Amino acid sequence: MVNIGELLIDAGLRRERLEECRGIAVTSGDTLDRVIQKKGYLEEPQILEVYAKALGMEYCAELEGTPVPPEFVNEVPVHFARNYNLVALGLNDQGAMRVATCSPLDPHPMDDLGALMGAEIDPVLAPKLEITTLISRAYRHKADGVDKALADVAEDGDIAGLAVEIDDAEDVLDVSNKAPIIKLVNTILFQALKLRASDVHFQAFPDRLQVRFRIDGILYDMDSVPRRVQEAIVSRVKIMGKMDIAERRLPQDGRASLRIGDGEVDVRISTVPTTTGERIVMRLLDKSAKLFTVGEIGLTEKNEALLREFLEYSHGIILVTGPTGSGKTTTLYAGLTEIDTTTKNVLTIEDPVEYSMPAISQVQVNTKKGLTFAAGLRAFLRQDPDVMMVGEIRDLETAEVAIRAALTGHLVFSTVHTNDSASTITRMVDQGVEPYLVSSSIVLVVAQRLVRTICKHCRLEGPISDEEAAKLKKVGIDPAEMNGSVASATGCDECFQSGYSGRTAIYEFMPVDETLRTEIMEGYTATRLKRSAVERGMITLREDGRVKIKEGLTTADEVLRVTQMDLD
C-alpha cells in the first residue's frame, strides 16, 4: 500500500505541517487534500499528482481542447457539473466514461453521475480551473434556464413579492425554492459567468429591459425581459447590493458576493436613473479565475526579460497604465507571482481585492471608514514591507506616499489611468509632484491595451485583399512582409460569430534611464519624452501590435481599435 503521507512529504510538505493538516481534517470533517490546499502548503497540481500516484489514477494537467461528449451535456444538469466540478472526457478502452474531478477523496458525486448517465465511471484527476473552464465551454450554447425563469416570472402574479433576505454569499446555482424573480436574476448571472462576461448590463428601453454582457471587451445583446418585470429586477439587484430600494432618483453603488458551487465572485453594482427607468451595471470579478504568470500575459521576449529585471529591484515605483479594462491589474498580479514571498514581505491595498494570493497580505479599501489608498500605504510603511502594491494612484496624497515609500527603500507597484507611458510622467507632475521626485522614484512605466485574439475554431489563412492591405499599411505593416497571406476568422458559434475568442495584451515599456530623468527635470512634454524614448529603442503599443499581427494572434482591425488615440 502506497503511503500518501510519505508521498506528500516527498512533494515538499513538511512533516509537522502534514500532522497539523491531519488534525484539522479529523476535527473539521474536511478531506486532507482540501485542508493542505486551503492552508497553502502545496499547490493543487502537486496535491493531485500525489493522489493520482497513490490511488493509481490518471492525472491530466491540462484539459483545453478536450471534446466533452454530447451525452454528458444533454443528460447532466450544468448546476450538478459546476457544483461538484465534474466533466466527462470520453470513453476509455474498456467502455467506461472518463470523468475529470479535483476531489479524489469524495466518491459520492461520481456515484450520482454514474446513475445520471447510466454508465460506469473512470475517474481522472485534473486541476479545478481546467475542469470549470471546460464545463463553461461545453455548456455555453445549451439553454440554461433563462427562458424557463422568465416563464415562471410571467406565471407569478406577485412579481414584486421579493425575498428580501440574502445570504452573505448568494449561490447562483441554488435556484430551488427561490422566488421567480430571484431565480431569474441568479440564472442571468450564472449565464454571464459561464460565458466569461466581465460586466452585466440591465438597460431600460420603453418596451423592455435589455440584458447585455460584455465579453472580451465587446457588448453583446442577450435576453430581453418584459418591461413590467423591470422594477422587480432592479429591487432584487439593489437588495443583493444592500442598497436603498426606495431611492430611485439618485445613482447608487453597492457590492455583493456570489458563489458558484465553492467558487466565489465579487460583484460591484451601479444604478443610474434614466428617463426610461433605472439602469444597472454589474461588474463581475471571479476570484477563482486563473492567476496569470509573467510568461502568460503576452509579453515579447525582450519585454519579459525587462520586466523580470525590474522585479528584482529593491526600491522604486513600477507603474502600469491604460484605460479601464485594459488588464493592468492582471499584469501587476503576474509581477507579484514572481516575487519570492518566503524572503520578502509583500502587502497590497486594492479596491476591490480581485484575486486571492495565499502568501501575500491583501487589504481592501474602505473609504467610509477612512481606509483610503494613501492611509493604507502609510500603515504599510510601519509593517516592515519589502514590496507594496497600491491599486491606483488617483491623487497627490497617494502619489506622495508612494514616492516616499520608493525613496526609502521599498518596491512599489501601482496603476494610473493615462493613454501612454510618457503621459504618465507628465500626469504625476500635473498632480503636483515635484519633477525631481518623479524622476528619482519611478523606475519603469508600462502602458498596455487588450486586443482580441483570432478564434481557433473558425480561423483561416487567406490571401490579402485590397481592404486588408490598406489596414495593414495604416498599422505600419508593408503587406509584402506577410508572405502573401493574413490570418482571419469567419465567425462561429464558439465566438458569437465575431471571429474572436479570448484576449492578449500589447505593451509599451518605458524604463526611466538617466536621459529620461534629465528630460523630466527639464520639464519635457509627453510628446517629447515619448519621441526621445523611441529614438533610444522603445517599442510603442502599435509596434507591439504589429508583432502580434505578424504572429497571427490578432488582426489589424483590433490593433487600430485600441491604439487609435496613441501616437506611433
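The values are calculated or read from the model by the stated rules, or taken from the named source; none is laboratory data. These numbers were taken from a predicted model, which means no experiment stands behind them. Ideal geometry is used to build each Cβ from the backbone, glycine not excepted, and the neighbour counts take in all protein chains shown. Side chains included, ligands, DNA and RNA excluded: accessible areas come from the protein's heavy atoms. Shrake-Rupley method; radii C 1.70, N 1.55, O 1.52, S 1.80 Å.
How about segment 194-219: which of its residues are closer than 16 Å to Leu258 by Cα, open to solvent by 20 Å² or more (accessible area, probe 1.4 Å) and modelled with pLDDT under 90? Across segment 194-219, the qualifying residue is only Arg196. Filtering Ser498, Ser414, Ser440 for residues that are farther than 30 Å from Thr133 by Cα and either touching a Phe, Trp or Tyr at 6+ places or on another chain (Cβ under 8 Å) or among the hydroxyl-bearing types (Ser, Thr, Tyr) (or both) leaves a single hit, Ser440.
For segment 185-210, a residue qualifies if it is within 21 Å of Leu285 (Cβ to Cβ), outside any helix (DSSP H, G or I) and hydrophobic (A, V, I, L, M, F, W, C), and the qualifying residues are Leu195, Ala197, Val200, Phe202.
Working carefully through the options Ala232, Ala256, Ala246, find the one that is among the aliphatic types (A, V, I, L, M), open to solvent by 10 Å² or more (accessible area, probe 1.4 Å) and more than 28 Å from Pro323 (Cα to Cα). The unique qualifying residue is Ala246.
Restricting attention to segment 239-257, the residues that are within 24 Å of the chain's Cα centre (by Cα) and assigned to a strand (DSSP E or B) add up to 5.
Note on segment 441-458: residues that are of a type in the set (Ser, Thr, Tyr) and either within 22 Å of the chain's Cα centre (by Cα) or at pLDDT below 95 (or both) amount to 1. The combined condition, being assigned to a strand (DSSP E or B), under 24 Å from Leu299 (Cα atoms) and open to solvent by less than 60 Å² (accessible area, probe 1.4 Å), is not fulfilled by Met357. Which residues, counting only those in segment 46-67, are under 26 Å from the mean Cα position of the chain (by Cα) and either loosely packed, with under 15 Cβ neighbours inside 10 Å or closer than 19 Å to Gly263 by Cβ (or both)? If the condition is that a residue be under 26 Å from the mean Cα position of the chain (by Cα) and either loosely packed, with under 15 Cβ neighbours inside 10 Å or closer than 19 Å to Gly263 by Cβ (or both), then Ile47, Leu48, Ala61, Glu62, Leu63, Glu64, Gly65, Pro67 are the ones that fit. If you filter segment 17-40 down to residues that are crowded, with 18+ Cβ neighbours inside 10 Å and within 24 Å of the chain's Cα centre (by Cα), you find that the one that is farthest from Cys102 (Cα to Cα) is Gln37. Does Met240 satisfy the criteria of being at pLDDT 85 or above and under 30 Å from Cys455 (Cβ atoms)? Criteria not met by Met240.
Among the residues of segment 383-412, those that are assigned to a helix (DSSP H, G or I) and touching a His at 6+ places or on another chain (Cβ under 8 Å) comprise Ala406, Leu407. Quick check on this structure: which one of Val451, Val429, Val401, Val443 is open to solvent by less than 10 Å² (accessible area, probe 1.4 Å) and farther than 30 Å from Ser498 by Cβ? None of the other options fit; the residue is Val401. Inspect all residues belonging to segment 73-80 and state whether any of them is in contact with a helix residue (DSSP H, G or I) (Cβ under 9 Å, 6 or more places away or on another chain), among the aliphatic types (A, V, I, L, M), over 23 Å from Leu291 (Cβ atoms) and surrounded by fewer than 16 Cβ atoms within 10 Å (Cβ to Cβ). No, every residue in segment 73-80 fails to be in contact with a helix residue (DSSP H, G or I) (Cβ under 9 Å, 6 or more places away or on another chain), among the aliphatic types (A, V, I, L, M), over 23 Å from Leu291 (Cβ atoms) and surrounded by fewer than 16 Cβ atoms within 10 Å (Cβ to Cβ). Within segment 398-431, can you find the residues that are free of Cβ contacts under 8 Å to residues at least 24 places away in the same chain and over 20 Å from Lys328 (Cα atoms)? Residues satisfying the conditions are Arg404, Asp430. Evaluated against (1) closer than 23 Å to Glu309 by Cα; (2) within 28 Å of the chain's Cα centre (by Cα), Glu494 falls short on exactly one condition, (1). If you go through segment 121-138 and pick out every residue that is under 20 Å from the mean Cα position of the chain (by Cα) and not small (Gly, Ala, Ser), you end up with 10.
Quick check: is even one residue across segment 399-422 touching a Leu at 6+ places or on another chain (Cβ under 6 Å), over 30 Å from Thr343 (Cβ atoms) and of a type in the set (S, T, N, Q)? Within segment 399-422, none of the residues are touching a Leu at 6+ places or on another chain (Cβ under 6 Å), over 30 Å from Thr343 (Cβ atoms) and of a type in the set (S, T, N, Q). Based on what the data block shows, is Glu461 of a type in the set (D, E, K, R) and free of Cβ contacts under 8 Å to residues at least 24 places away in the same chain? Answer is no for this residue. In segment 470-507, the qualifying residues are those that are of a type in the set (A, V, I, L, M, F, W, C) and free of Cβ contacts under 8 Å to residues at least 24 places away in the same chain, and the one that is most open to solvent (accessible area, probe 1.4 Å) is Ala480. Of all residues in segment 385-396, those satisfying the criterion of being open to solvent by 30 Å² or more (accessible area, probe 1.4 Å), modelled with pLDDT under 95 and out of contact with any Asp or Glu (no Cβ under 8 Å at 6 or more places or on another chain) are Arg394, Asp395, Leu396.
Conditions tested, residue by residue: (1) touching a strand residue (DSSP E or B) at 6+ places or on another chain (Cβ under 9 Å); (2) under 27 Å from Ala447 (Cα atoms); (3) open to solvent by 20 Å² or more (accessible area, probe 1.4 Å); (4) of a type in the set (A, V, I, L, M).
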residue: Gly325; (1), (2), (3), (4): yes, yes, yes, no
residue: Thr342; (1), (2), (3), (4): no, no, yes, no
residue: Val346; (1), (2), (3), (4): yes, yes, no, yes
residue: Pro352; (1), (2), (3), (4): yes, yes, no, no
residue: Ala374; (1), (2), (3), (4): yes, yes, no, yes
residue: Leu377; (1), (2), (3), (4): yes, yes, no, yes
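Could you go through segment 312-319 and let me know if any residue there is crowded, with 16+ Cβ neighbours inside 10 Å and touching an Asp or Glu at 6+ places or on another chain (Cβ under 9 Å). No. If you go through segment 1-16 and keep only what is surrounded by fewer than 16 Cβ atoms within 10 Å (Cβ to Cβ) and of a type in the set (Val, Ile, Thr), you end up with Val2, Ile9. Annotation: Pro109 fulfils all but one of (1) exposed (fewer than 13 other Cβ atoms within 10 Å of the Cβ); (2) outside any loop (DSSP other than H, G, I, E, B); the unmet one is (1). Do we find that Ser423 is small (Gly, Ala, Ser) and either over 27 Å from Ser288 (Cα atoms) or open to solvent by less than 20 Å² (accessible area, probe 1.4 Å) (or both) in this structure? Criteria met by Ser423.
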